[in-house]
Ligand SMILES: Cc1ncc(C[n+]2csc(CCOP(=O)(O)OP(=O)(O)O)c2C)c(N)n1
């Protein structure tokens, strides 16, 4: 099958515009483009690095072509795409790797059902853990759900494979996964674009035996899955998705994804079998390739998934004994591994690439409203179950005020468990951001009320999904397109759940915060404090009066340093053997929290 065939039947001009159809695109932009060219009509996602820009980009295409939306979490997004496919529209959902865990309940059954219109699930893994809570390899989900998985190696393939995924989905009656990684998502390269293939809507197919997953139907669905795997394997053995690049027969390398580009750079002469699909595997092609080389390697990032499957075919292959199971590959690391394997000679003056940028600790922004919440919790000596968002940075110095953080939405459940376990002398507090609360904080909050535990929940409401770059959510009053929509009223929601004690407080008022936390933790039952201030970056750019230090008054007590505000630094002046402090006027946003904690009233607004 030629995976560029969609271009031939393109109809509408849409965003193509100029005659030169080459343009620089990141992998994420190319995925959105590929989906649009494939005639996708509905897209839904929850943000997560490195996948976020896929849905943001899809939303830039004409709304008459495609309706793109933020959903409250990945499971909802996946269900929205599934619903659209049932209704006859080509549909897509995108997520980061841990989003797969959230969505998995839906797609684990959907693979049994199959599709009506094409259904594509994009997942972006994060080898090297640049911005995640773990390094899981989503290809295990391909096996678990038996969902065919395409793995592009550059932005051009990101576009082509996404388009192809819709065709395969309909041809083989299955959702199809396209798996990328951080490097693919965020690397820009030239991409040939084409016009949209406005694939017509299909009729809704009334077929409860196939579409309703009750046990009797699931029992017939399972053998369908196994047959489909065989059919896909047959297809892949003759498809140009599996590409042989002939070279010396001494070394054969099976590789895929961005690892392929590193192999080509490091071993340009090698015999390479490039896989476009990592599940199922083109078994016959692999066997023939293995027979044609003296020594066979598999170069795959993260887990030895393909390696084990090749070994299970009875083929001798070398892999993870030389190529790490952890972290992100690079041309340098792949070269080093081939040196270790004795394939390449070590280069004496190999590189100057052990020149690294000095490490910089992650910090919250100057004036970040999360700072005061954690300062106040420190004042209370609370046991803090944290969650995932910008505020997780309060776990590190100087705030050092989060005790645990597991996964999105875990904080409240973890706090319930701590309370149920007993033996805790400190007040038990769960801290959770507004986007995370909507994502997966509501069911555990209901659980807390239902099971009548003594915990305090602090909703860190900065009115945005800050961690992933400032996306709207159901409590911002705006949708993905930036249009006005209903805004969830948190206080009303908590009261409806049955929380008896709810108070909102301005995050910049440290005294009020501390007092409110004290009252909340003294309450017997579930209490919720809404710490309320918009993020300093979004949606409103806050700027109060810039602060300065009256150096003559500063006694270098360091109280302001406890905020961890990046606008505050050491000055060249000293008091009693300690550095005094100064404020960088460019970075200061005038939140005044430093003035509130200053023990000598040395911090004041810059006189006008
Ligand atoms: C299951 C899952 N989905 C998505 C993400 C990516 N992510 C991390 S935190 C976060 C939301 C942060 O927003 P919020 O809770 O409002 O806190 P803020 O960053 O604004 O302080 C997202 C989307 C993730 N880590 N895990």
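Rule-based calculations on the coordinates, nothing more; no lab input. From a predicted model like this one, the values you see are computed outputs, not experimental measurements. Positions of Cβ are generated from backbone atoms using ideal geometry, with glycine treated the same way; all protein chains shown enter the neighbour counts.
Counting other beta carbons within 10 Å of each residue's own, what order do 105, 461 fall into, fewest first?
105, 461
Along each principal axis of its Cα atoms, how long is the chain end to end? Whole angstroms, biggest number first, please.
Result for the chain: principal-axis Cα extents of 78, 67, 57 Å.
Spin-label point model (7 Å from Cα, Cβ direction): what's the residue 220 to residue 347 distance in nm?
Rounded to a tenth, the inter-label distance reads 6.1 nm.
Given the Cα atoms of region 491-608, and with Rh set as the inverse mean 1/r over their pairs in the Kirkwood sense, what is Rg to Rh to two decimals?
1.09
Give me the base-10 log of I(q)/I(0) for region 145-246 at each q in 0.14 Å⁻¹, Debye formula, one uniform scatterer per Cα, rounded to two decimals.
Ignoring solvent entirely, the Cα scatterers give -0.73.
Once the Cα atoms of region 368-421 are picked out, what are the Rg and Dmax in Å?
Gyration radius and largest Cα-Cα distance of region 368-421: 10.8, 34 Å.
To check my understanding: the extent here is largest minus smallest coordinate of the Cα atoms along each principal axis. What are those three numbers for region 370-532, in Å, largest first?
Sorted largest first, the three principal extents are 48, 36, 29 Å.
Please state the Cα pair-distance histogram of region 118-196 with 5 angstrom bins from zero: what percent is in each bin?
Percent of Cα pairs in each bin: 3, 16, 23, 22, 19, 11, 5, 1.
Could you sort 66-72, 318-324 so that the peptide with the highest average Cβ count within 10 Å comes first and the rest follow in order?
Ranked by mean Cβ neighbours within 10 Å, highest first: 66-72, 318-324.
What per residue convex hull volume, in Å³, do the alpha-carbon atoms of region 547-605 yield?
About 69 Å³ per residue, rounded to a whole number.
Mind ranking 138-149, 364-375 by how tightly packed they are, going by the mean number of other C-beta atoms within 10 angstrom, highest first? Please list the in-between numbers first.
Values: 138-149: 20.8, 364-375: 25.9.
So the peptides 138-149, 364-375, ranked by packing, come out 364-375, 138-149.
Report the extension gain between residue 250 and residue 133 in nm, rounded to one decimal, defined as 0.36 nm multiplied by the number of residues separating them, less their alpha carbon distance.
So the chain would gain 38.1 nm between residue 250 and residue 133.
Name all residues of region 592-608 having a backbone nitrogen under 17 Å from the label point set 7 Å from the Cα of residue 518 along its Cα→Cβ direction, giving them as ranges.
597
Please arrange 46, 450, 61 by how many other C-beta atoms lie within 10 Å of their C-beta, fewest to most.
If I rank by nearby Cβ atoms, fewest first, I get 450, 61, 46.
Ranked by Cβ crowding within 10 angstrom, fewest neighbours first, how are 478, 163, 75, 316 ordered? Intermediate values should be presented prior to the final figure.
On the way: 478 17, 163 28, 75 22, 316 9.
Listing 478, 163, 75, 316 from fewest to most nearby Cβ atoms yields 316, 478, 75, 163.
Under 11 Å from a label point 7 Å along Cα→Cβ of residue 173: give me every residue in region 73-115 with its amide N that close.
Backbone N within reach: 113-115.
By its C-alpha gyration tensor, with a ≥ b ≥ c as the square roots of the eigenvalues, how is region 455-560 shaped: rounded for a/c under 1.5, else prolate for a/b larger than b/c, else oblate? Write out the running numbers ahead of the final one.
On the way: a/c = 3.18, a/b = 1.22, b/c = 2.60.
Judged from the Cα gyration tensor, region 455-560 comes out oblate (a/c at least 1.5, b/c at or above a/b).
Report the semi-axes of the equivalent ellipsoid for region 243-340 in whole Å, largest first, where each axis is √(5λ) for an eigenvalue λ of the Cα gyration tensor. Before the final figure, lay out the partial values.
On the way: eigenvalues 66, 48, 30 Å².
Calculated on Cα positions only, the semi-axes equal 18, 15, 12 Å.
Return the FRET efficiency for the residue pair residue 140, residue 269: r is the Cβ-Cβ distance, R0 is 35 Å, and the value is rounded to the nearest 0.05. Don't skip to the end; give the middle numbers.
Details: r = 33 Å, r/R0 = 0.95.
In this case the efficiency is close to 0.55.
So for the pair residue 63, residue 312, with labels modelled 7 Å out along Cα→Cβ, what separation do we get in nm?
4.7
Kindly express, to the nearest 10 degrees and within the range 0 to 90, the angle between helix 257-266's C-alpha long axis and the longest C-alpha principal axis of the chain.
Taking the Cα atoms of the chain, the angle to 257-266 is about 80 degrees.
If you stretched the chain out fully between residue 326 and residue 396, how much longer would it get, using 0.36 nm times the residue separation minus the C-alpha to C-alpha distance?
22.8 nm
Helix-only mean residue ellipticity at 222 nm, the chain, DSSP H runs n ≥ 4 weighted -39,500 (n - 2.57), per residue, nearest 500. What is it?
Result for the chain: -10000 deg cm²/dmol, rounded to the nearest 500.
Apply the a/c threshold of 1.5 to the C-alpha gyration tensor of region 484-524 and tell me whether it is rounded, prolate or oblate.
oblate
Multiply the residue separation of residue 509 and residue 188 by 0.36 nm, subtract the distance between their alpha-carbon atoms, and state the gained length in nm to one decimal.
Working: separation 321, 0.36 × 321 = 115.56 nm, distance 4.39 nm.
Roughly 111.2 nm would be gained on extension.
For helix 27-37, what angle does its Cα long axis make with the longest principal axis of the chain, in degrees from 0 to 90 and rounded to 10?
On a 0 to 90 degree scale, this one is about 60.
So what's the angle, to the nearest 10 degrees on a 0 to 90 scale, between helix 510-522 and the longest Cα principal axis of the chain?
80
Which order do peptides 122-130, 432-440 fall in by mean Cβ count within 10 Å, highest first?
My ranking of the peptides, most packed first, is 432-440, 122-130.
When the convex hull of the Cα atoms of region 5-238 is projected onto a plane and the area is averaged over all directions, what value comes out in nm²?
That works out to 12.1 nm², a quarter of the Cα hull's surface.
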